[in-house]
Amino acid sequence: LVAPSTARPGEKIQLHVSALDSKGNLSPLEEGGIVFVDPPEGLSGLPESLDLGGSHEANRAIEIVADEPGLYRLRVQGTGNLSHLSAESGPLLVREDAPRIRWGDLHGHSQLSDGTATPDQYFEYARNVAGLDISVLTDHDHWGMVPMDSHPEMWEEIGETVDAHHAPHEFVTVLGYEWTSWIHGHRHVLSFGDSAPMLSSLSEETDDPAELWSALEGTPSITLAHHSAGGPIATNWDFPPDPVLEPLTEVMSVHGSSEAMDSPSLIYSPLQGNFIRDVLDKGYEFGFIASGDTHDGHPGLPHLSPYYNYRFPTETRAAQVGTGGLAAVYTEELSRQALLRAMRDRATYATSGPRALLYATLGGEPMGARSSSLRGDATLQLSVHASAPVRSLELIRSGEVVDVFSPESFAWDLEHEFSLSGLEGGEYVYVRIQQLDGGLAWTSPWFIAAD
């Protein structure tokens with residue numbers, strides 16, 4: 001059950017209800033459906049029940065109205081063949097001044113490279129099952145069944161499919177591919193224009209990161225390093241990222257977390273000194289996002305599938321169930337141009353899959369800000385609406401966990417303040433959130449400017 005995270009009073013919104021098998025695939029049923037459990041009074045239009053079997057689709061969109069301000073979580077119970085199942089949506093905050101949170105999976109693959117599902121099926125799942133606002137298909141430039149860099153008709157097919165599914169203000173698709181260097185690491189390249197060439201990591205003109213950024217200079221594009229701290233290949237951070245073209249980095253995916261050695265759900269084959277926190281210590285400045293790197297046609301919901309557990313040693317698999325990634329972007333307007341502006345402003349945060357709501361400021365500055373006004377003493381104010389009870393809030397300051405807050409009760413919703421003193425130019429600050437169910441989230445860092 002997927003709901004949007006924010007809405008305004010009186011606004012029409014869509015809920016997505018889907019019957020999925022144990023691997024996250026849509027599952028046709030002979031009979032079965034759902035009923036809403038204790039439906040809240042502040043939302044109108046919820047049906048008493050909904051059929052998902054027989055001639056009905058295994059996934060349905062329900063249009064309701066957010067009548068009254070409030071915080072809502074919707075719960076459904078299965079009927080018929082689904083009677084043993086239940087589901088709960090993420091938190092829905094209805095408030096006139098609630099900043100819009102747009103959810104995206106910016107990294108995934110189709111059968112054109114080394115995944116399953118057609119490009120059409122990929123985007124249909126992203127919109128109609130995962131209920132995403134933003135979706136990017138990033139098939140490899142040269143890796144997979146057929147090398148795309150020598151088959152331009154494949155790149156043309158992807159471009160046509162991206163355009164066919166793009167619906168401004170409703171569902172945004174962005175043209176992308178994975179620059180697959182087995183020397184310097186993997187980056188996905190996102191183009192927010194109508195078209196773009198594919199720049200191969202095997203081409204002599206674009207076979208290192210500096211050449212890639214040079215070729216992209218002046219275009220409405222960004223690049224994102226992923227699985228940067230470990231398997232299947234770590235990022236070569238000797239190339240300082242272009243601040244305009246690489247404003248963000250992927251902290252989490254199905255490969256695990258590249259944040260730091262002390263992160264839960266750690267990436268496999270980690271390379272000490274290559275974590276995102278290590279390169280922040282070098283002075284690089286990134287906002288945080290996460291994405292799936294799904295290869296099974298389930299953008300937005302890869303953490304539902306047990307398929308990805310094979311990457312982890314047997315003794316640690318239980319702790320790794322639920323690895324995935326989502327990007328949260330703050331933007332009022334849902335368009336390619338607005339998303340590019342927000343991403344370059346680092347107005348983002350990351351989760352391992354849960355659609356937790358995070359609102360945070362440091363000294364009144366939003367996540368991702370770089371400001372000299374943050375020098376000295378500052379208060380970090382954090383509001384969390386989680387998808388499970390919160391285990392801990394961890395404050396990271398310039399490479400170290402300096403404070404931890406653990407709620408005494410099973411709090412799903414909480415507000416907390418961290419006090420920081422003596423902040424100096426060149427420092428950075430962010431918060432890592434852990435849920436009791438293993439879900440993770442990270443604010444983008446704040447950067448303290450020297451002048």
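The values are calculated or read from the model by the stated rules, or taken from the named source; none is laboratory data. Computed from a predicted model, the values in this text were never measured in an experiment. With ideal geometry, Cβ positions are generated from the backbone for all residues, glycine too; neighbour counts draw on all protein chains shown. SASA here: full protein model, heavy atoms, side chains in, ligands and nucleic acids out. Shrake-Rupley method; radii C 1.70, N 1.55, O 1.52, S 1.80 Å.
A few notes on this one:
- Test: Asp120 is in contact (Cβ under 8 Å) with a residue 12 or more places away in the chain, assigned to a loop (DSSP other than H, G, I, E, B) and surrounded by fewer than 18 Cβ atoms within 10 Å (Cβ to Cβ): no
- Residue within region 24-38 that is among the β-branched types (Val, Ile, Thr) and under 22 Å from the mean Cα position of the chain (by Cα) present: no
- Filter result (assigned to a loop (DSSP other than H, G, I, E, B), aliphatic (A, V, I, L, M) and open to solvent by less than 20 Å² (accessible area, probe 1.4 Å)) within region 1-45: Ala3, Ala19
- Among (1) modelled with pLDDT of 95 or more; (2) open to solvent by 10 Å² or more (accessible area, probe 1.4 Å), the one test that Leu190 misses: (2)
- First in region 160-188 and hydrophobic (A, V, I, L, M, F, W, C), second anywhere and open to solvent by 50 Å² or more (accessible area, probe 1.4 Å) and part of a helix (DSSP H, G or I), Cβ under 8 Å, 6 or more apart: Ala164/Asp120; Phe171/Arg127
- Subset of region 123-135 that is touching a residue at least 60 places away in the same chain (Cβ under 8 Å) and out of contact with any helix residue (DSSP H, G or I) (no Cβ under 6 Å at 6 or more places or on another chain) - its residue that is surrounded by the most Cβ atoms within 10 Å (Cβ to Cβ): Ala126
- Considering only residues in region 435-451 that are touching a residue at least 60 places away in the same chain (Cβ under 8 Å) and assigned to a loop (DSSP other than H, G, I, E, B), the one that is most open to solvent (accessible area, probe 1.4 Å) turns out to be Asp451.
- Residue count for region 63-98, restricted to those that are part of a strand (DSSP E or B), under 19 Å from Glu170 (Cα atoms) and within 24 Å of the chain's Cα centre (by Cα): 3
- Positions within region 220-234 being closer than 19 Å to Leu137 by Cα, out of contact with any Asp or Glu (no Cβ under 7 Å at 6 or more places or on another chain) and either open to solvent by 20 Å² or more (accessible area, probe 1.4 Å) or touching a residue at least 60 places away in the same chain (Cβ under 8 Å) (or both), in sequence order: Pro220, His227
- Scanning region 396-419 for residues that are open to solvent by less than 10 Å² (accessible area, probe 1.4 Å) and touching a Lys or Arg at 6+ places or on another chain (Cβ under 7 Å) turns up just one, Ile396.
- Lone unmet requirement of (1) touching a Ser or Thr at 6+ places or on another chain (Cβ under 6 Å); (2) modelled with pLDDT of 95 or more for Ser265: (2)
- Tally, over region 395-434, of residues that are under 24 Å from Glu250 (Cα atoms), under 25 Å from the mean Cα position of the chain (by Cα) and either in a loop (DSSP other than H, G, I, E, B) or modelled with pLDDT under 95 (or both): 2
- Only one entry of Glu204, Glu211, Glu156, Glu160 meets the criterion of being within 30 Å of Glu63 (Cα to Cα) and surrounded by fewer than 23 Cβ atoms within 10 Å (Cβ to Cβ), and that entry is Glu160.
- Exactly one residue among Gly185, Gly108, Gly144 is small (Gly, Ala, Ser), open to solvent by 20 Å² or more (accessible area, probe 1.4 Å) and either at pLDDT below 95 or touching a Pro at 6+ places or on another chain (Cβ under 9 Å) (or both), and that residue is Gly144.
- Restricting attention to region 244-261, the residues being more than 18 Å from Gly231 (Cβ to Cβ) and open to solvent by 10 Å² or more (accessible area, probe 1.4 Å) number 1.
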